[in-house]
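For reference, the structure is listed below as structure tokens.
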Amino acid sequence: MPFVIIGVMTTLKNPLYVAFVWHMHQPYYRDDLSGSFVLPWTRLRAAKDYLHMAEVLAQHPDIHATFNLVPSLVEQILEYVDHDGSDEYLSVSLKEEWSPEDKDFMLSFFFSANWEKFIQPHPAYDRLLQIREKLRDRAQYLSDQYFRDLAAWFNLVWIDPNWLEREPVLRALIGKGTGFSNEDIRTIVSFHEKIMGRTINAYREMEDRGQIEICTSPYYHPILPLLINSQSAREATPNISLPTPLYAHPEDAMAQIKRAIQFHEKHFGRSPQGLWPPEGSVSDALLSLLAERTDIRWIASDEAVLAHSADQEVYRDGYGHVTNPRFLYQPYRTSDGNGNRGPVIVFRDNLLSDRIGFVYRNMDSRQAAEDMVHRLQRVRENLGDSGPHLVSIILDGENCWDEYEHNGDPFLHSLYGMLSDDPRLATVTISEYLDTHPIRATIPHLFAGSWIGHNFETWIGEPAQNRAWEQLEQTRMHLVAWQTEHPEANEKLLERAWTEIYIAEGSDWFWWHSSRNHAAEEPLFDNSFRQHLASVYSLMGRMTPEWLLEKGLAPVPESPSRPPSAYLSPSLEANQQVFPRWADAGYISPRSSSGAMQMASTLIQRLYYGYDHDNLFVRIDSNQPLHTCTIDILLSIVNHSEDTMPHAQTTELLKQPLQPEQYEIQIGPRANSATLLRAGPDTRWDEVANLTLSLAEQTLELCIPLIDLGSTQGDTLIMRVIMSKDDSGTETLPTHENLEIRLSSFN
């Protein structure tokens, strides 16, 4: 029996209950031996996002929400505040003079912000960017004033825009625009410190008032099922390659949980009732561990984990509305398999969560809020008179706002305002719901999976990831042996050594060892991971092993193609930076000849593609200036509701100049717009829609609404790109076949 509903439902007299869980986390950037931070993102996110989320919610006292503040994030914020923490970006910003190496560093990293939302709205900062783009290889011609202005603007735009508008000093600096002094930069940084200094108290006070619940996570954000036993990865991926030996240390998982609870009690004055397992990662073995801790009342995961646990699908209609809502929208009682009661578990609605995370940033803020409220109202309608239910919307609470208007304020205020005014909907914290409503369902087995593809492939299975797990295991074994050999060892020294192990167990190191994730700082994560392990040997008074000094595995040669790995909703900027906006996109590149003769250059460098629930996104990178080229994008749809096979309908489709149900987008030289055309009768093309287009010298980015293609989730898109240039002929990508894009969910 997949799941059991206990008791008789009562008539629905309550509103639909909605629980927002905002997850706040940053990798552990601090080097505990030196005290410095290797990257600035804790400081910058704190200045822009963490206090911001509390201040926005405080303006809507009727809205209740849950915040997951990971202990290692809180620790890093407090380290900046209490011990004058610093990072290289901050140190370089505050220098009086800059070396050539400093200037190269600043040119590489001081435009690390969303260009459309945080750089282009400020003409002075945008001008610095344009100069950088033109003079990248001639930095010696840039003045010291250029770099003072760059340091000022980089740190300014990472401040909550509400502070920029209401603080007279910051308003004056924005108005100044250029000619900044070193004192100006110190003033800007002082506001980072001020905002960080208020952050933790703001959350504590809101919880004291009863508006929010603060839940915790294991201290350094490890993937708990992999910590308990990495064999758990095989439940979702039976043939996955695993490290040798397996990593299996449930005692470490428990230590991470205990540390988190103790830290939470110290800094928030109460024990947390809820625990967000990092990345929504759960398993039966985790339940056995948590059964020992009666203080953890609830945990959470993803709807795909529920579906695989209960062997029952979450069904959705063509608009994404859940058609079996009682299954998803309620908490479940768990047990550890031995009859011991575990914590309650709730499962997030991944479509609603992803719409906030990826879709609404491309919409008008009020229309986006209306869409969310409408979808919640439909949930209530679909539930009928079946008793109280809970919709859990869980997502990162900081990253998505980078691509929203005004850091997400218009959307959040609209959403919170509409929810406050709607008596049919009521926001609650998870614990508030559990306080007043009985648990009606049980789930006897918890599938081992995460909120990314209901598996653990993001953190284990690839050679670089497995080697990192093996290095961690070997270092841990050496520490255990050394501790046994030295029973007189100093307790504080042992505590520091084990802390380094726990830090290295964090999820982020293995995330960046994945071939799916790319960043300019990627080698730095590998270096930091190995440094934490090297610190264990240093604390034991031993030389660092040679195998730990070697840099990470050489990257596997990149495949000429791959499918999308997650929903994609990039802002259309057509700049040189592919990552992170297109990090989860599928791509296809021209294949090189396997013979002795190699093509020197192709017209098309790479085609990127991806989709969210509403749109198809296409990016074309060219090896030629696009103002000299013509681009044709041919599309067709296979509607699986018609029970047709893609190849049967489309094998020859895009080889013909015109076929029914075929679409074309033609972009000529120097075009500044694009039109979607549909093949009509009598070899005629009919206009369907004008498309959003962004065009740069050698990059094109395009958004195609699925509704304009008559397509929806579950369909397959057939696509081919043809680029032509008078003096270079014509190229087609893919070369010999059609590109098939199945619009499947990433559950």
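Is it true that Trp511 is modelled with pLDDT under 95 and aromatic (Phe, Trp, Tyr)?
In short, yes.
Hey, among the residues in the stretch 229-255 that are assigned to a helix (DSSP H, G or I) and either closer than 16 Å to Val480 by Cα or aliphatic (A, V, I, L, M) (or both), which one's farthest from the chain's Cα centre (by Cα)?
By that ranking, first place goes to Glu251.
If you take the residues of the stretch 682-709 that are outside any strand (DSSP E or B) and free of Cβ contacts under 8 Å to residues at least 60 places away in the same chain, which of them is surrounded by the most Cβ atoms within 10 Å (Cβ to Cβ)?
Asp708
How many residues are assigned to a loop (DSSP other than H, G, I, E, B) and of a type in the set (S, T, N, Q) when one looks only at the stretch 419-462?
Of the residues in that region, 4 qualify.
Being in contact with a His (Cβ under 7 Å, 6 or more places away or on another chain), under 21 Å from Trp511 (Cβ atoms), assigned to a helix (DSSP H, G or I) and among the aliphatic types (A, V, I, L, M), is that true of even one residue in the stretch 257-265?
Looking through the stretch 257-265, none of the residues is in contact with a His (Cβ under 7 Å, 6 or more places away or on another chain), under 21 Å from Trp511 (Cβ atoms), assigned to a helix (DSSP H, G or I) and among the aliphatic types (A, V, I, L, M).
For the stretch 346-354, state whether one or more residues are open to solvent by less than 10 Å² (accessible area, probe 1.4 Å), modelled with pLDDT of 95 or more, touching an Asp or Glu at 6+ places or on another chain (Cβ under 8 Å) and within 19 Å of Met418 (Cβ to Cβ).
Among the residues of the stretch 346-354, at least one is open to solvent by less than 10 Å² (accessible area, probe 1.4 Å), modelled with pLDDT of 95 or more, touching an Asp or Glu at 6+ places or on another chain (Cβ under 8 Å) and within 19 Å of Met418 (Cβ to Cβ), which makes the answer yes.
Identify the residue in the stretch 1-37 that is touching a strand residue (DSSP E or B) at 6+ places or on another chain (Cβ under 8 Å) and modelled with pLDDT under 50 and, among all such residues, is nearest to Ala534 (Cα to Cα).
Restricting to residues being touching a strand residue (DSSP E or B) at 6+ places or on another chain (Cβ under 8 Å) and modelled with pLDDT under 50, the top hit is Phe3.
Please tell me if Trp451 is open to solvent by 20 Å² or more (accessible area, probe 1.4 Å), under 24 Å from the mean Cα position of the chain (by Cα) and closer than 30 Å to Gly506 by Cα.
Yes, satisfied.
Which of the residues spanning the stretch 57-67 are touching a Gly at 6+ places or on another chain (Cβ under 8 Å) and either under 18 Å from Phe111 (Cα atoms) or open to solvent by less than 10 Å² (accessible area, probe 1.4 Å) (or both)?
Thr66, Phe67
So if I check each of Ser301, Ser288, which one is at pLDDT below 95, under 22 Å from Ser217 (Cβ atoms) and of a type in the set (S, T, N, Q)?
After applying the criteria, what remains is Ser288.
Is it the case, given these coordinates, that Ala151 is aliphatic (A, V, I, L, M), open to solvent by less than 60 Å² (accessible area, probe 1.4 Å), closer than 25 Å to Glu573 by Cα and modelled with pLDDT under 95?
no
Pull up the stretch 325-345, narrow it to residues that are surrounded by fewer than 18 Cβ atoms within 10 Å (Cβ to Cβ) and either touching a helix residue (DSSP H, G or I) at 6+ places or on another chain (Cβ under 9 Å) or aromatic (Phe, Trp, Tyr) (or both), then point me to the one that is farthest from Cys400 (Cα to Cα).
Here the answer is Asn338.
Do we find a residue being under 25 Å from Thr199 (Cβ atoms), in contact with a Leu (Cβ under 7 Å, 6 or more places away or on another chain) and not acidic (Asp, Glu) anywhere in the stretch 366-389?
No; the residues of the stretch 366-389 include none that is under 25 Å from Thr199 (Cβ atoms), in contact with a Leu (Cβ under 7 Å, 6 or more places away or on another chain) and not acidic (Asp, Glu).
Looking only at the stretch 200-228, count how many residues are assigned to a loop (DSSP other than H, G, I, E, B), over 24 Å from the mean Cα position of the chain (by Cα) and either among the basic types (Lys, Arg) or buried (at least 18 other Cβ atoms within 10 Å of the Cβ) (or both).
Final tally of qualifying residues: 2.
Checking the structure you have, find out if any residue of the stretch 158-181 is under 23 Å from Ser36 (Cα atoms) and modelled with pLDDT of 95 or more.
Yes, some residue in the stretch 158-181 is under 23 Å from Ser36 (Cα atoms) and modelled with pLDDT of 95 or more.
Would you confirm whether any residue within the stretch 62-84 is of a type in the set (D, E, K, R), modelled with pLDDT of 95 or more and in a loop (DSSP other than H, G, I, E, B)?
Yes: one or more hits.
Answer yes or no as to whether Ser112 is of a type in the set (Gly, Ala, Ser), assigned to a helix (DSSP H, G or I) and either open to solvent by 20 Å² or more (accessible area, probe 1.4 Å) or farther than 23 Å from His406 by Cβ (or both).
No.
Can you give me the number of residues within the stretch 157-187 that are open to solvent by 70 Å² or more (accessible area, probe 1.4 Å), touching a residue at least 24 places away in the same chain (Cβ under 8 Å) and within 21 Å of Gln120 (Cα to Cα)?
Selection size over the stretch 157-187: 1.
Just one of the numbered conditions (1) in a helix (DSSP H, G or I); (2) of a type outside the set (Val, Ile, Thr); (3) over 24 Å from the mean Cα position of the chain (by Cα) is not true of His406; which one?
(3)
On the given criteria, is Met418 under 30 Å from Ser232 (Cα atoms) and among the aliphatic types (A, V, I, L, M)?
no
Check whether at least one residue in the stretch 300-309 is outside any helix (DSSP H, G or I) and either over 15 Å from Phe447 (Cβ atoms) or in contact with a Pro (Cβ under 6 Å, 6 or more places away or on another chain) (or both), and report yes or no.
no
Tell me, please, whether a residue that is buried (at least 18 other Cβ atoms within 10 Å of the Cβ) and assigned to a strand (DSSP E or B) can be found in the stretch 283-298.
Looking for residues that are buried (at least 18 other Cβ atoms within 10 Å of the Cβ) and assigned to a strand (DSSP E or B), one finds at least one in the stretch 283-298, hence yes.
So, of the residues in the stretch 80-99 that are under 25 Å from the mean Cα position of the chain (by Cα) and among the acidic types (Asp, Glu), which turns out to be least open to solvent (accessible area, probe 1.4 Å)?
It comes out as Asp87.
Six or more apart or on different chains, Cβ atoms under 6 Å: show the pairs whose first residue is in the stretch 322-345 and without any contact (Cβ under 8 Å) to a residue 24 or more places away in the chain and whose second is open to solvent by 10 Å² or more (accessible area, probe 1.4 Å).
Once the first residue is without any contact (Cβ under 8 Å) to a residue 24 or more places away in the chain and sits in the stretch 322-345, its partners that are open to solvent by 10 Å² or more (accessible area, probe 1.4 Å) give Asn324/Tyr315.
The values are calculated or read from the model by the stated rules, or taken from the named source; none is laboratory data. The structure presented is a predicted model; accordingly, all values stated were derived computationally and were not measured. Cβ atoms come from the backbone with ideal geometry, glycine included; neighbour counts cover every protein chain shown. What goes into the accessible areas is simple: the full protein's heavy atoms, side chains included, and nothing from ligands, DNA or RNA. Shrake-Rupley method; radii C 1.70, N 1.55, O 1.52, S 1.80 Å.
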